[in-house]
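Any read-out appearing in this document is the output of simple, stated calculations on the displayed coordinates, not a laboratory observation. Fair warning: this is a prediction, and the values are worked out from it, not measured in the lab. In this analysis, Cβ positions are derived from the backbone assuming ideal geometry, glycine residues included, and neighbour counts consider all displayed protein chains.
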Amino acid sequence: MRKIDIFDTTLRDGEQSAGVNLHFNEKVEIAYQLERYGVNVLEAGYPASSEGDFRAVQYIARTIKGCSVTGLARSVQSDIDAAWEALKDGVDPRLHVFIATSPIHMQYKLKMSEEELIETAVSAVKYAKRFFPKVQWSAEDATRSDWDFLVEIITKVIDAGACVINLPDTVGYMHPEEYGSLFRYIREHVPNIDRVKLSAHCHDDLGMAVANSLAAIENGVEQIEGTINGIGERAGNAALEEIGVALYTRRDHYQAETSLDLSQTIRTSQLVSKLTGMPVPPNKAVVGANAFAHESGIHQDGVLKNKLTYEIIEPELVGLSSNRMVLGKHSGRHAFREKCKEMGLQLSEEAFQNLFKAFKDLTAKKKEVTEDDILTLLMNTNVQA
Ligand code: KIV
Ligand code: ZN
C-alpha cells in the first residue's frame, strides 16, 4: 500500500468560505480534533493576513505535536517572515509558499512576465529555506497554466529547495482524466521530480474535486489537500472525509492508505459544521444525516436480511453506532416489525397488522414516523397488545 499524506486546510482555505469567521478558540478546538483525526499536515492559517490569524497559527504550532503545522505565504519576504515567526516553535515547521502561474493571473493580477515570475518564485523558496526545514511550493491556477512553463518553473523551485510541489486546480476546472495526465506529464518531464512529493489541491466548482483528487492519486501524487465537509472558497474544496473513506473502501483499487483515524470522521465533521455555522447537507456522502439511512421497503428488507445488500460503508467505520431505518411511506412490514421489536412492543399478530395499517395511513400525512408517533397510534387505534 502506498502512503498518502493528508494536508488539511480547513482553517485556511476552508475559512475562506463566504460567511465563515472562526475565532481563536474555535480554531484551536478544530486543530485539536484534526490532530485526533490523524491528518499529517495542518494548514492553520495565513499568518501575514491579520494579527488574529498570526496568533492562532502561532498557538496551534506551539501546541499541536501529532502533525506538521504549516501556514500560507505569498512569494514576498514579509509574508515568509511572518510565517516563520508564527511557525518556528512547531515540531515540524513547514512553509506553504505560492505564486500563480497561469497566463491570466500573470497578466492581470501579478503583471509579471514568465522570467520575472520564475525569478520571484525561486527567490522566495531560497529565502524561505534560510529558516524553514521544509518548503512546499504551490503553482496557483496550475491547471490553466502552460504545462511546459510548469515544467520549467518546477525544476527551478526544486533546485532552490522545495520539497513538496502542489498543483492546485484553483478554479475547479479539471476533469479527472485531465488532472491525472497533468501529474503524469510533470513526473515524466521534470528531471529532478524524484526529490519531491507531488500534491493535489482541488476545488469543487464543477463538482469534481474528490474525483480529481483520486485521479491524482492514481497518477502518483503522494499528498492530498482538502477540507472537512469540503468547505472553502465558492463551491469549496475536496472533502477530505470522502477521500479517506473512498481510499479505504476501494483499497483494492487504489492500493493506497492514509493515517486517518476514520472512526473520528463524524465527530470531526460535526464539530466543523457547528463552529463554522455551515450545515452539512443531509445527502452528503459519508457524513450527511442520510448517508446511512434506509427508507424504502425494498432496501430496508434487504438490509435487515444482510447489510451488504445496500451498504458499502459500515456506519461504525466513521464513528456511528448503527445505520438508520427511516419509517416513512416507502417502508414495509419487515422494517416496521423490527422497529416494534426494538421498542419492546409485545403485539399479537392481529394487533401488529392493525398497527401496521394505522402506520401506513399516517405516512400519507407525515414524511417520517417516529417512535412517539407509533406509541400514539398504539393508544389511539383499536390495537390489542
Ligand atoms: O486554490 C489554490 O490555488 C490555493 C493556493 C493558495 C494553494 O488555495
Ligand atoms: Zn485553494
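Tabulated data for the structure shown
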quantity: Backbone HN-Hα couplings from phi across region 64-70 [Karplus 6.51/-1.76/1.60, Hz, Gly and Pro as x]; calculated: 7, 10, x, 7, 7, 9, 10
quantity: Theoretical gain in end-to-end length, Gln353 to Lys305 [0.36 nm per residue, Cα-Cα removed]; calculated: 15.2 nm
quantity: ³J(HN,Hα) computed for each position of region 358-373 - Karplus, 6.51 cos²θ - 1.76 cosθ + 1.60, integer Hz, glycine/proline x; calculated: 4, 4, 4, 4, 5, 5, 5, 10, 10, 5, 10, 9, 9, 4, 4, 4
quantity: Region 173-248: chymotrypsin sites (Phe, Trp or Tyr not before Pro) falling in loop per DSSP and having at most 15 other Cβ within 10 Å; calculated: none
quantity: Bins of 10 Å from zero: percent of alpha-carbon pairs in region 85-241; calculated: 12, 40, 37, 11, 0
quantity: Packing rank of 11-20, 254-263, where each peptide gets the mean count of other beta carbons within 10 Å, highest leading; calculated: 11-20, 254-263
quantity: Calculated from backbone phi, Karplus (6.51, -1.76, 1.60) coupling profile of region 241-258 in Hz, x at Gly/Pro; calculated: 5, 6, 5, x, 6, 5, 5, 6, 5, 10, 5, 4, 8, 7, 6, 9, 9, 10
quantity: Length-normalised contact order for the chain - Cα pairs under 8 Å, 6+ apart - percent; calculated: 14
quantity: Placed amide H near Lys134: partners under 5 Å, 5+ positions off or other chain; calculated: Leu95
quantity: Under-5 Å amide H pairs with His203, H placed in peptide plane, nonlocal only; calculated: Asp169, Gly172
quantity: Selected from Asp141, Asp169, Asp373 as most flexible by GNM, with the chain as the system and alpha-carbon contacts under 10 Å; calculated: Asp373
quantity: Fluctuation leader among Val287, Val125, Val76 - the chain, Gaussian network, Cα springs under 10 angstrom; calculated: Val76
quantity: Size-normalised alpha-carbon gyration radius of region 68-136, reference 2.2 N^0.38 Å; calculated: 1.16
quantity: Percentage relative contact order, region 276-361, counting C-alpha pairs under 8 Å, at least six apart; calculated: 25
quantity: Helical mean residue ellipticity (222 nm; -39500 (n - 2.57) per DSSP H run of 4+; nearest 500) of the chain; calculated: -13000 deg cm²/dmol
quantity: Set of lysines with alpha-carbon distance to Lys357 below 26 Å, sequence-local pairs under 8 removed; calculated: Lys305, Lys329, Lys339, Lys341, Lys365, Lys366, Lys367
quantity: Debye intensity ratio I(q)/I(0), log10, the chain, q values 0.07, 0.11, 0.13 Å⁻¹ (C-alpha model); calculated: -0.39, -0.78, -1.00
quantity: Radius, Kirkwood style, for region 258-385 when every pair of distinct Cα atoms is counted (Å); calculated: 16.3
quantity: Antiparallel DSSP beta bridges within region 156-299, percent to nearest 5; calculated: 10
quantity: P(r) tail fraction, region 152-271 - alpha-carbon pairs more than 20 Å apart, %; calculated: 44
quantity: Percentage relative contact order, region 124-251, counting C-alpha pairs under 8 Å, at least six apart; calculated: 21
quantity: Most mobile listed residue (Leu167, Leu182, Leu327) in the chain, GNM with C-alpha springs under 10 Å; calculated: Leu327
quantity: Cα convex hull volume per residue for region 308-372 (Å³); calculated: 110
quantity: Proximal lysines relative to Lys197, as straight alpha-carbon distance under 21 Å, when same-chain residues fewer than 8 apart are discounted; calculated: Lys3, Lys126, Lys129, Lys134, Lys156
